[in-house]
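Participant: Take this structure first; my questions come after.
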Amino acid sequence: MVRLATENLQIAYGEQIIVDDLSVTIPNKQITAIIGANGCGKSTFLKGMTRLIPRHSGKVLLDGGDIADHKTKALARKMAILPQTQEAASGLTVSELVSYGRFPYQTGLGRLTANDFDVINWALSVTNTDAFRDRQVDALSGGQRQRVWIAMALAQETDIIFLDEPTTYLDMAHQLEVLELLQKLNVEQERTIIMVLHDLNQAARFADYLIAMKDGKVIKAGPSEEVIEPITLREVFRIDAEIGIDPRSGKPMCITYDLLKGEN
């Protein structure tokens, strides 16, 4: 079943077209990674799919309807979004931040119900952040903060989660911690995950489906075995790559690479 797709999506900043005529289908209940060089339109594409920025033309279809026609709270019950840069109010505790995920379900005075607290506690537990629920968010490490933001997204109880570069500024161990958590949510709870990643080997290892972009267009989309290959990486990143097989995951991996000769 197709739940999320774009049709001839075009996004522009002023007169400059950033994403041009993209028609893609996001696999349901799988992990999709969007890859490409800096400035290729990855984050813009993700923001356009989530209505964070307006489109110039085309459609984003969710459950058969244009997301432009969804009311904000109704849309927030279907998709959660973690932007690249998150800012929490100074002094906010972990549990207070996670409680914001219940906003789409609040009515009237906006008081949290017993069910809301059950969901918040569950989100803290599944992300292994319950131990510091009363600590201030800005006192946590980078990896801990990222898990807390994911807990807030889970508290929205959405089937679809978007993340824009969730491993940025994290060390290798914390990157793995976040990606393994997302993989666990996908496998155990069948959440559809769409994320922008810079690391090709992480994308190949953790994603079921890759979308490789260049200059606002999709160059190749498919499983990692079809996308992480020399010809595609040559076109998308202008590199001459040597591809092997990850001995632990069995997925393709970029062993080494050089800039293409004669390319700037």
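The values are calculated or read from the model by the stated rules, or taken from the named source; none is laboratory data. Note that the coordinates shown come from a computational prediction; the quantities given were computed from them, not determined experimentally. As a convention, Cβ positions derive from the backbone with ideal geometry for all residues, glycine included, and neighbour counts pool all protein chains shown. Note: areas computed on protein heavy atoms with side chains; ligands, DNA, RNA excluded. Shrake-Rupley method; radii C 1.70, N 1.55, O 1.52, S 1.80 Å.
Participant: Check I219: other-chain or 5+ apart residues with amide H under 5 Å from its amide H, H built from backbone geometry?
Facilitator: Amide H to amide H, under 5 Å and 5 or more residues apart or across chains, I219 pairs with A212, M213, K214.
Participant: Step through the residues of the stretch 237-249 one at a time and calculate ³J(HN,Hα) from phi using the Karplus curve (6.51 cos²θ - 1.76 cosθ + 1.60, θ = phi - 60°), rounding each to whole Hz and writing x for Gly and Pro.
Facilitator: 10, 6, 10, 9, 9, 9, 9, x, 10, 5, x, 9, 9
Participant: Amide H of L82 versus every other amide H placed in the peptide plane: which residues, excluding those fewer than 5 positions away on the same chain, fall under 5 Å?
Facilitator: It is F162, L163, D164, by chain and number.
Participant: Something else: All other residues with a Cβ under 12 Å from the Cβ of P252 taken together, and with Lys, Arg as +1 and Asp, Glu as -1, what is their net charge?
Facilitator: -3
Participant: Could you work out the relative contact order of the stretch 182-237, using alpha carbon pairs under 8 angstrom and six or more residues apart, expressed as a whole percent?
Facilitator: Answer for the stretch 182-237 is 23 percent.
Participant: Ignoring ligands, DNA and RNA, what percent of the 1.4 Å accessible area of the stretch 8-73 is carbon and sulfur? List each step's numbers first, then the result.
Facilitator: Working: 1460 of 3150 Å².
Reported share for carbon and sulfur atoms: 46 percent.
Participant: Just check the stretch 40-119 against the gyration tensor rule for me: Cα atoms, a ≥ b ≥ c as the square roots of the eigenvalues, rounded for a/c under 1.5, and otherwise prolate or oblate depending on whether a/b exceeds b/c. Can you show the working numbers first?
Facilitator: On the way: a/c = 2.94, a/b = 1.52, b/c = 1.93.
Note, shape of the stretch 40-119 comes out oblate.
Participant: A follow-up question, please. Determine one quarter of the surface area of the Cα convex hull of the stretch 65-104, which equals its mean projected area, and express it in nm² to one decimal.
Facilitator: In nm², the orientation-averaged hull projection of the stretch 65-104 is 3.6.
Participant: For a quick check of understanding: with a 1.4 angstrom probe and all protein chains in place, what accessible area in square angstrom does R145 have, to the nearest ten?
Facilitator: 90 Å²
Participant: In whole angstrom, note down how far apart the Cα centers of the stretch 1-58 and the stretch 164-199 are.
Facilitator: 19 Å
Participant: PRE reach from D208 (point 7 Å along Cα→Cβ): which of the stretch 22-47 fall under 17 Å by backbone N?
Facilitator: Only 25-34 fall inside the zone, counting backbone N under 17 Å.
Participant: Residue separation times 0.36 nm, minus the C-alpha to C-alpha distance between T72 and L112: what's the value?
Facilitator: Values: separation 40, 0.36 × 40 = 14.40 nm, distance 1.93 nm.
Separation in residues times 0.36 nm, less the Cα-Cα distance, equals 12.5 nm.
Participant: Summing +1 for each Lys or Arg and -1 for each Asp or Glu, what net charge is found among the other residues whose Cβ lies under 11 Å from the Cβ of K59?
Facilitator: Numbers: positive: R55; negative: E7, D66, D69.
Its environment carries a net charge of -2.
Participant: Taking the Cα atoms only, what angle lies between the long axis of helix 142-155 and the longest principal axis of the chain, rounded to 10 degrees?
Facilitator: 70 degrees
Participant: At a temperature of 4 °C and a viscosity of 1.567 mPa s, determine how fast the stretch 78-139 diffuses translationally according to Stokes-Einstein, using the Kirkwood radius over alpha-carbon pairs as Rh; express D in µm²/s, rounded to the nearest whole number.
Facilitator: Numbers: Rh = 12.6 Å.
In µm²/s, the coefficient rounds to 102.
Participant: How would the stretch 9-52 be classified by its alpha-carbon gyration tensor: rounded, prolate or oblate, with rounded meaning a/c under 1.5 and the a/b versus b/c comparison settling the rest? Please report the intermediate quantities before stating the final value.
Facilitator: Numbers: a/c = 2.17, a/b = 1.64, b/c = 1.32.
Taking the square roots of the gyration eigenvalues as a ≥ b ≥ c, the stretch 9-52 is prolate.
Participant: In whole percent, what relative contact order does the chain give with Cα contacts below 8 Å and a gap of six or more residues?
Facilitator: 23 percent
Participant: Please list, ordered by chain and number, the residues whose modelled amide H lies under 5 Å from the amide H of S57; skip anything fewer than 5 residues away on the same chain.
Facilitator: Residues meeting the criterion, in which the H sits 1.01 Å from N, are Q10.
Participant: Over the Cα atoms of the stretch 203-264, each weighted equally, I'd like the Debye log10 I(q)/I(0) at q = 0.27 Å⁻¹, rounded to two decimals.
Facilitator: -1.17
Participant: Can you give me the distance in nm between label points at Y169 and T25, each placed 7 Å from the Cα along the Cα-to-Cβ direction?
Facilitator: If labels sit at Y169 and T25, their model points lie 3.8 nm apart.
Participant: Here is a follow-up. At q = 0.07, 0.09, 0.11, 0.12 Å⁻¹, what is the log10 ratio I(q)/I(0) for the chain, with the Debye formula run over Cα points and no solvent?
Facilitator: Relative scattering, expressed as log10 I(q)/I(0), comes to -0.26, -0.42, -0.63, -0.75.
Participant: Please state, as a whole number in µm²/s, the translational diffusion coefficient that the Stokes-Einstein equation yields for the stretch 1-144 at 20 °C and 1.002 mPa s, with Rh defined as the Kirkwood radius across alpha carbon pairs. Kindly include the intermediate steps, with their values, before the conclusion.
Facilitator: Details: Rh = 17.6 Å.
The calculation lands on 122 µm²/s.
Participant: So for the pair R234, E7, with labels modelled 7 Å out along Cα→Cβ, what separation do we get in nm?
Facilitator: 3.7 nm
Participant: Give me the Å³ per residue figure for the convex hull around the C-alpha atoms of the stretch 100-237.
Facilitator: Taking the convex hull of the Cα positions in the stretch 100-237, it is 138 Å³ per residue.
Participant: Kirkwood hydrodynamic radius, computed over distinct alpha-carbon pairs, for the stretch 107-162: how many Å, to one decimal? Don't jump to the answer; show the numbers that get you there.
Facilitator: Numbers: mean 1/r = 0.0827 Å⁻¹.
Kirkwood hydrodynamic radius for the stretch 107-162: 12.1 Å.
Participant: Shifting gears a bit: Measuring from centroid to centroid over Cα atoms, what is the spacing of the stretch 77-156 and the stretch 204-264 in Å?
Facilitator: Taking the Cα centre of each part, the stretch 77-156 and the stretch 204-264 sit 35 Å apart.
Participant: Treating the angle as unsigned and between 0 and 90°, give the value, to the nearest 10°, between the Cα long axis of helix 114-126 and the longest Cα principal axis of the chain.
Facilitator: Helix 114-126 sits at roughly 40 degrees to that axis.
Participant: When the chain is modelled as a GNM with alpha-carbon springs shorter than 10 Å, which of A12, A151, A131 fluctuates the most?
Facilitator: A131
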